[in-house]
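Quick note: the coordinates plus some simple rules give every number you see, no bench work behind them. For clarity, every value in this text was computed on a predicted model and none was experimentally measured. Every residue, glycine as well, gets a Cβ built from its backbone with ideal geometry; the counts of neighbours run over all protein chains shown.
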Amino acid sequence: MTVHIVGAGLAGLSCALDARDAGLDVVIHESAGHAGGRCRSWIEPSLGRLIDNGTHMVVGGNQAVFRYLRRIGGTDGLVAGPAAFPMLDLDSGREWTATPARLLPSILASAWRMRRACGSSISACLGRSSNFRRFWDPLGVAVMNTPSDVAAAGVFRRVLARTLWRGQAASQPFLARNGLSETFVQPALAALAAAGAQLRLHHPLRRLVRDAGGAAAELVFDDRTIRLAAKDQVVIAVPWAVAASLLPGLPELPASPIVNAHFRLAADPARYPSGGFLGLLGGTAQWLFLRDGILSVTVSAAAALAERPADEVAARLWADAVKALGLQGDPLATRVIKEKRATLFHSAEVEALRPAPEVGPNMVLAGDWTATGLPCTLEGALQSGRRAAERLLARTNL
Ligand SMILES: Cc1cc2nc3c(=O)[nH]c(=O)nc-3n(C[C@H](O)[C@H](O)[C@H](O)COP(=O)(O)OP(=O)(O)OC[C@H]3O[C@@H](n4cnc5c(N)ncnc54)[C@H](O)[C@@H]3O)c2cc1C
């Protein structure tokens, strides 16, 4: 009996680890020449530096993330980020630090408000207080990658219940020490290789043939067609648009982009907050992150910005960075990365459409976009991978 896992993002990798640990034969089919999907790093030639496709943050309360990192021996790959976030309002020049410990009254009030039925969006639930603009709104946009006036309050509430409402340890942010692939992907591939799982790169699934009972019967690749044996299982761990093309009947789900611009600096900025992070209000840039001479600027819920030409995006984000940090001159090099399908657009309407993992007698869906109850995040992706493996194991009676 073989488990065919289609997609080597974090959902596919975590499913593969659990299935292999349970003694199942595992083959992973990945369309790209590398694993990691939307969580990856590479040496960018134009910058001469290692960059991430976008700065990823996880927090202490992300149990699936830490379980996965322990399994792959990769907890050292994370480094603690700032426990308090320096923030700057570009309009007024006002600076402050968003410290969850000091915002405890507002956090407790949020728990109270969100426990009541309070409307479908984050802003409808939490109301537009001064803490909303300075804390809840930037946090909500970063977590949900969706504007707060439409982002599903129920999903945000679930995140808060696992993080901020649990106190400091669960709220502690962590970042990849060197790069996302180095932290989340390469150790997983080493663990899978050691456990005897097969990974086929450059191996896109083109078509999936189902029998009359809805079971997967054939997997059609460019170089071969795999006819599935009676007990074989398939895990579809591809992004939602690809899944919808392979499995007609899955809903069309809208995406929300994230834009990152990476600037190679001629010199470190004269003033920069310790911890390398700065949150911005009042401009286009939302978060600045400095590592190894590269200033990375993140914009979430970036639907409009993602449609602008890269030069214009770079100019706008650089102007905000100059204003925030007092940078002199031009960057030595620039790279703009628009992830147009970074995550789902997390409105309450879309939340209701996210599919459950079961799609056939020998088939399971995995991926951050499935009905995890969480926003599209590493935690959601890893939970979905684990859940898919649990389904497989229940079916195979191991
Ligand atoms: C810019 C950006 C910033 C982010 N920031 C954060 C953050 O701060 N914190 C956080 O927790 N999360 C963050 N995320 C979200 C996180 O990266 C994703 O939730 C997670 O990586 C999704 O993993 P996945 O396995 O579900 O999907 P994917 O990573 O999309 O994996 C799917 C895989 O399937 C492969 N595939 C596609 N088609 C085929 C095919 N036909 N055959 C075979 N393989 C195929 C793809 O190549 C890919 O490798 C961010 C995402 C982006 C893009």
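What does the highest-first list of 300-307, 227-234 look like by mean Cβ count within 10 Å?
Working: 300-307: 18.5, 227-234: 16.0.
Put in order of decreasing packing, that is 300-307, 227-234.
Using the Cβ-Cβ distance between ARG227 and GLU307 with R0 set to 30 Å, the FRET efficiency works out to roughly 0.10. Once the Cβ-Cβ distance of GLN63 and ALA111 is raised to the sixth power relative to R0 = 22 Å, the FRET efficiency obtained is 0.70. In this label model, ALA190 and ALA84 are separated by 3.7 nm, measuring between points 7 Å along each Cα→Cβ vector. Amide H contacts for SER347 (H built 1.01 Å from N in the peptide plane; partners 5 or more residues away or on another chain; cut-off under 5 Å): ALA152. Between the range 10-63 and the range 163-195, the C-alpha centres lie 10 angstrom from each other.
Computed on the range 19-72, with alpha-carbon pairs under 8 angstrom and 6+ residues apart, the relative contact order is 18 percent. Per-residue Karplus couplings for the range 361-367, computed as 6.51 cos²θ - 1.76 cosθ + 1.60 with θ equal to phi - 60°, are listed in order as x, 10, 9, 9, 8, 9, x Hz, Gly and Pro entered as x.
In this simple spin-label approximation, ALA215 and SER274 carry label points 7 Å from Cα along the Cα→Cβ vector, and these lie 6.2 nm apart. Dividing the helix sum by the residues of the chain, where each DSSP H run of 4 or more adds -39500 (n - 2.57), gives a mean residue ellipticity at 222 nm of -8500 deg cm²/dmol. Label the range 1-78 by shape, choosing from rounded, prolate and oblate, from the square roots a ≥ b ≥ c of the eigenvalues of the Cα gyration tensor; if a/c is under 1.5 it is rounded, and otherwise prolate applies when a/b is larger than b/c, oblate when it is not. Oblate. As a proxy for reagent exposure, GLU390, GLU312 were ordered by neighbouring Cβ count within 10 angstrom, fewest first; the result is GLU312, GLU390.
A cut-off of 5 Å between modelled amide H atoms, ignoring neighbours fewer than 5 places along the same chain, links LEU199 with ILE28.
Residues whose amide H falls under 5 Å from that of ALA371, counting only those 5 or more places apart or on a different chain, are ALA356, with hydrogens built in the peptide plane. Were the residues from MET1 through ARG200 laid out at 0.36 nm apart, the gain over their Cα-Cα distance would be 69.8 nm. With contacts taken as Cα pairs under 8 Å and at least 6 residues apart, the chain reaches a relative contact order of 25 percent.
Please give the contour-minus-distance gain from LEU353 to GLU390: 0.36 nm per residue of separation, less the Cα-Cα distance, rounded to one decimal in nm. Let's see the in-between values first.
On the way: separation 37, 0.36 × 37 = 13.32 nm, distance 2.26 nm.
Extending this stretch completely gives an extra 11.1 nm.
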